[in-house]
1. Is one or more of the residues making up segment B:36-45 closer than 30 Å to A:Val94 by Cβ, of a type in the set (Gly, Ala, Ser), within 7 Å of another protein chain (Cβ to nearest Cβ) and open to solvent by less than 70 Å² (accessible area, probe 1.4 Å)?
2. I'm trying to understand the selection: among the residues of segment B:1-49, which are modelled with pLDDT of 90 or more, of a type in the set (Ser, Thr, Tyr) and over 17 Å from A:Ala45 (Cβ atoms)?
3. Select, from B:Glu31, B:Glu76, B:Glu67, B:Glu59, the only residue that is in contact with a Pro (Cβ under 7 Å, 6 or more places away or on another chain) and not in a helix (DSSP H, G or I).
4. Quick check: anything in segment B:19-28 facing chain A (nearest Cβ under 9 Å), outside any helix (DSSP H, G or I), farther than 20 Å from A:Asp9 by Cβ and out of contact with any strand residue (DSSP E or B) (no Cβ under 8 Å at 6 or more places or on another chain)?
5. I'd like to check which helices (runs of 4 or more DSSP H) are fully inside segment A:102-200 and have at least 2 residues that are touching a Gly at 6+ places or on another chain (Cβ under 7 Å).
6. Looking at B:Cys84, is it within 10 Å of chain A (Cβ to nearest Cβ), touching a residue at least 12 places away in the same chain (Cβ under 8 Å), open to solvent by less than 10 Å² (accessible area, probe 1.4 Å) and over 15 Å from A:Leu44 (Cα atoms)?
7. Please find, among B:Leu158, B:Leu128, B:Leu174, the residue that is within 21 Å of B:Thr63 (Cα to Cα), within 16 Å of the chain's Cα centre (by Cα) and open to solvent by 40 Å² or more (accessible area, probe 1.4 Å).
8. In segment B:98-114, what count of residues is obtained for those that are of a type in the set (S, T, N, Q) and open to solvent by less than 10 Å² (accessible area, probe 1.4 Å)?
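The values are calculated or read from the model by the stated rules, or taken from the named source; none is laboratory data. Remember, predicted model here, so these are calculated numbers, not experimental data. All Cβ positions, glycine included, derive from the backbone under ideal geometry; neighbour counts span all protein chains shown. Just so you know, the surface numbers come from the protein's heavy atoms only, side chains and all, with ligands and any DNA or RNA stripped out. Shrake-Rupley method; radii C 1.70, N 1.55, O 1.52, S 1.80 Å.
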There are 2 protein chains.
Amino acid sequence: MASLSPSLDELVDALKRLPGLGPRSASRIAEHLLSEDRARATKLASALDRALKRVKHCELCNTLTDEPMCAICADETRDRSKICVVESPADQRVIEETMAYRGLYFVLMGLISPIKGVGAEDLHLGKLLQRVQKDETIREVLIATPYTPEGDATAHFLAKAIASVASQVKVTRLARGIPAGVELEYTDANTIAGAIFGRR
Amino acid sequence: MASLSPSLDELVDALKRLPGLGPRSASRIAEHLLSEDRARATKLASALDRALKRVKHCELCNTLTDEPMCAICADETRDRSKICVVESPADQRVIEETMAYRGLYFVLMGLISPIKGVGAEDLHLGKLLQRVQKDETIREVLIATPYTPEGDATAHFLAKAIASVASQVKVTRLARGIPAGVELEYTDANTIAGAIFGRR
């Protein structure tokens, strides 16, 4: 059928390319925004505009921030001898919420993935390696990538690269183990195996 | 933790209120737009702006369209004695794609749902009933709402309301039955029961 609304089609097309959305959810969202919830649509459009203008990558740690340098990197009370390497600002946020870490960060904005064609050069790893090499206050890099094939590949690559440019820096990774509050019986074998190897 | 980017938070907040999205998918989409895919973000922002300016409800059938009256309502070759009532423009699109229906439409933009607090008055049903009452060319209203509790409630309400304002108009509903290309063994009992009652 000829389209009843090219502008609606164009919006659906832009929405369906977002991660996690397909054509059906995109058209549901577009119809909702344009019919029931125009106020929300206007708010989304202005939030998107503003974010595009204001949000940039922190010049030191690469996280998303409104300032040239993010509040964590700029905070002189943080422990500057440690860098925690995470996949995304969301992962950085959950680590901050634990209050268990007071060092600095480096945000990869992705993981090494041969399948998706993401290599070390796409993750600004050069920036991290230079920082580790030049800044002599750094004593430890804690790699907090997930225990997935891509997280493992990234951790492996990073550990080797850091050892070759700054052999005095200790490279650690988050412990594998049993999550809190979960019955053993519902935990997968891989996780239990990791917890057995890492037992103390 | 203090937010590193209030503009990012605001975008996540606007996204997570969209139907089908939660806080996690919203923050994944926002981070993706602002770091990997700024070109797409700009395209989405302009598509949204344009759609908000151009898309409106068809003055006759209520579907989303760029014109005051949609191309289907304006098409003089369509069978004007039939109105098919659908939940959404997306449902209207799939019916058009079958090429099995050449009449007009009425798009509810929702279904009656006591749980969500959506009543008959929210669905512009008055507009449909007036049209059925006044336009004497109309011979049939085909209710194409889904076989769900909300679709059934809407169909039931509509059938009664149409009978009371225009008793000469035939009210029909899409047949219940077995979907094409699906094994009986994988079909739920409700669908099979419907197909048995509707057997011919």
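1. Restricting attention to segment B:36-45, the residues satisfying the condition of being closer than 30 Å to A:Val94 by Cβ are B:36-42, B:44-45.
Then drop every residue that is not of a type in the set (Gly, Ala, Ser), which leaves B:39, B:41, B:45.
Keeping just the survivors that are within 7 Å of another protein chain (Cβ to nearest Cβ) gives B:41, B:45.
Filter once more, keeping what is open to solvent by less than 70 Å² (accessible area, probe 1.4 Å): B:41, B:45.
Yes, there is a match, as at least one residue in segment B:36-45 is closer than 30 Å to A:Val94 by Cβ, of a type in the set (Gly, Ala, Ser), within 7 Å of another protein chain (Cβ to nearest Cβ) and open to solvent by less than 70 Å² (accessible area, probe 1.4 Å).
2. Correct list: B:Ser5, B:Ser25, B:Ser27.
3. Numbers: B:Glu31 fails: not in a helix (DSSP H, G or I); B:Glu76 fails: in contact with a Pro (Cβ under 7 Å, 6 or more places away or on another chain); B:Glu67 fails: in contact with a Pro (Cβ under 7 Å, 6 or more places away or on another chain).
The conditions single out B:Glu59.
4. In the first step, residues of segment B:19-28 are kept if they are facing chain A (nearest Cβ under 9 Å); the result is B:19-21, B:24-25, B:27-28.
Adding the requirement that they be outside any helix (DSSP H, G or I) leaves B:19-21.
Now narrow it down to the ones that are farther than 20 Å from A:Asp9 by Cβ: B:21.
Subset that is out of contact with any strand residue (DSSP E or B) (no Cβ under 8 Å at 6 or more places or on another chain): B:21.
The answer is yes; a qualifying residue exists.
5. On the way: elements: A:125-134, A:149-165, A:189-197.
Because the criterion is at least 2 residues that are touching a Gly at 6+ places or on another chain (Cβ under 7 Å), the helices (runs of 4 or more DSSP H) in segment A:102-200 that meet it are A:189-197.
6. Values: within 10 Å of chain A (Cβ to nearest Cβ): no; touching a residue at least 12 places away in the same chain (Cβ under 8 Å): yes; open to solvent by less than 10 Å² (accessible area, probe 1.4 Å): yes; over 15 Å from A:Leu44 (Cα atoms): yes.
The answer is no for B:Cys84.
7. On the way: B:Leu158 fails: open to solvent by 40 Å² or more (accessible area, probe 1.4 Å); B:Leu128 fails: open to solvent by 40 Å² or more (accessible area, probe 1.4 Å).
Only one candidate qualifies: B:Leu174.
8. Looking only at segment B:98-114, we keep the residues that are of a type in the set (S, T, N, Q), and these are B:98, B:113.
Those still in the list that are open to solvent by less than 10 Å² (accessible area, probe 1.4 Å) too: B:113.
Total satisfying the criteria: 1.
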